[in-house]
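Report on one structure; see the data block that follows.
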Amino acid sequence: MTALPFVGVRPRATRALRRLPAAEASERRLKRNVGLIWGLLVLNVLSFSTGVSVIPIPGSAGKVITQGALSLAVLLALMQNPRGKFRPNVFLLLLTLLALETVVTVLTVGPVKGTYYRTFRMLEFVAVLWLLSPYWNRADMLLVRCHMKAMLWVVITVVLGIMVDPNRALNGGRLQDIIWPIASTQVAHYAAVSIGIAAIMWFCGQLRGKVALWYVVVATGVLLLTHTRTALVAMLVALLFGGLSLIATPRVRRLFGVVGGATVVAFAAFSSAITSWMARGEGTTQLTNLTGRTNFWGPLLAFPRTTFQEIFGFGLSNGSFDGLPVDSNWILSYQDQGLFGVVMCAVILLYVLVLACLQSRGMRRALALFLVIYCIVASFTEDGITNPSTYMLDVTVAASLLLPAATRRQA
């Protein structure tokens, strides 16, 4: 009599054991595919400057690689999610409205050089984010880990560039990537985001101390060598708010106390060196006009435009005006997407920020706060939140952390 239940259970247990390796293999395959797709999105938004890399990469080949990465990401996302399932959420709806607005603008204003192509790529970019939405807010924070790995790979190539040719890598006194030609400001962005994510994951015990220390030390060295003030200030402000959201954690309280004391001592002992580093040899005029940025913001804002162009802009551009980079998310949004784009950018950032503040205390909230506050601070002298860029990916990762936890079926 006692053997009957055992006989009845054995086939089910055997089938479960047989399914386990297949499930694990499927999970590993999913993580690999999502990581590859996310890496292609990051590769798509990397800058490419000819004549910088130690590897003789022709300009046309560089553009094919970066721009082709997006098309490949679309293809792989469709293969990973062939039924086109998605998780409806406000953030992606707002991005979709921005993408549709660019379509309306280009059809109304008329073709400007490259505008049709950039609009199509914007639609592709948003489509990939929709196709990846079923994997948002998984228990293992898959998207965060993919983003962190992508940032780390960039930092590794920068370090390799220093080892190969330090004089070329530090050309002009500011570190740039010479393996894949990435400008100093972008290198600083990737290093700052790597530092923030690694620090918060260590705060929450999700990253071992030695691993986190290597992340932070190497990325901090890269960040300081870029001499990029925007990334440094944005990272410190964002890490402050992200850390304060975890202040109940004893490890965080102790670290904040140590860092606070060390900061006071450092400013007292090395104030002149810190001031010199921040000034970068620039005079008062250069500091007040943000290294010349504000000199042409006025002419850009005064540029004649119709009522339609004032509201909806001229369509997506290459981020420049009169041959000079705009270097401000708000000014570029007004130029490309008009007042509609400026308002939408503010709504996106405010939505993610408020949603993060309403979340319960924990690592997801801290990471989301770090990413969105970093983007808010950097947005005044960097652009890209309302068009395909690393900043858009940063905000996307922040938004993905704030969705309700994905169920097994959704994941």
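Figures for the structure shown
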{"item": "GNM result for the chain, Cα springs below 10 Å: residue of Val352, Val187, Val258 fluctuating most strongly", "result": "Val258"}
{"item": "Karplus 3J(HN,Hα) series, Hz, for region 342-359 with 6.51 cos²θ - 1.76 cosθ + 1.60 (x for Gly, Pro)", "result": "4, 5, 5, 4, 4, 5, 4, 5, 5, 4, 5, 5, 5, 4, 5, 5, 7, 6"}
{"item": "Structure-derived Cα extents along the principal axes in Å: which label, when the choices are [x] 74, 51, 39; [y] 92, 59, 46; [z] 55, 45, 41", "result": "[y]"}
{"item": "Dipole-positive endmost among Cys375, Gly313, Pro82 within the chain (Cβ charges, Cα centre)", "result": "Pro82"}
{"item": "Ordering of 64-70, 89-95 by packing [mean C-beta count within 10 Å, highest first]", "result": "89-95, 64-70"}
{"item": "Inter-part distance where region 48-106 and region 122-142 are each reduced to a Cα centre, Å", "result": "13 Å"}
{"item": "Pairwise centroid distance, computed over Cα atoms, of region 368-385 with region 171-194, Å", "result": "17 Å"}
{"item": "Contact order normalised by residue count of the chain, Cα under 8 Å, 6+ apart, percent", "result": "20 percent"}
{"item": "C-alpha long axis of helix 90-109 to longest principal axis of the chain, angle in °", "result": "40 degrees"}
{"item": "Degrees, to the nearest 10: 184-203 long Cα axis against longest axis of the chain", "result": "40 degrees"}
{"item": "Karplus 3J(HN,Hα) series, Hz, for region 51-62 with 6.51 cos²θ - 1.76 cosθ + 1.60 (x for Gly, Pro)", "result": "x, 9, 5, 6, 8, x, 9, x, x, 5, 5, x"}
{"item": "Of Leu255, Leu131, Leu236, the one that fluctuates the most in a GNM where the chain has Cα springs shorter than 10 Å", "result": "Leu255"}
{"item": "Theoretical ellipticity at 222 nm over the chain - DSSP helices of four or more residues, -39500 (n - 2.57) apiece, nearest 500", "result": "-24000 deg cm²/dmol"}
{"item": "Gaussian network model of the chain, springs between alpha carbon atoms under 10 Å - residue of Arg32, Arg174, Arg229 with greatest fluctuation", "result": "Arg32"}
{"item": "Under-5 Å amide H pairs with Ile182, H placed in peptide plane, nonlocal only", "result": "Asp177"}
{"item": "Alpha-carbon centroid distance for the pair region 234-259 / region 325-357, whole angstrom", "result": "27 Å"}
{"item": "Charge dipole magnitude, Cβ of K and R +1, D and E -1 - the chain, Cα centre, debye nearest 20", "result": "2200 debye"}
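Readers should treat all values here as calculations from the given coordinates under stated rules, not as data from a laboratory. Treat the numbers as computed from the prediction; the structure is a model and nothing was measured. Virtual Cβ from ideal backbone geometry, glycine too; neighbours counted across all protein chains shown.
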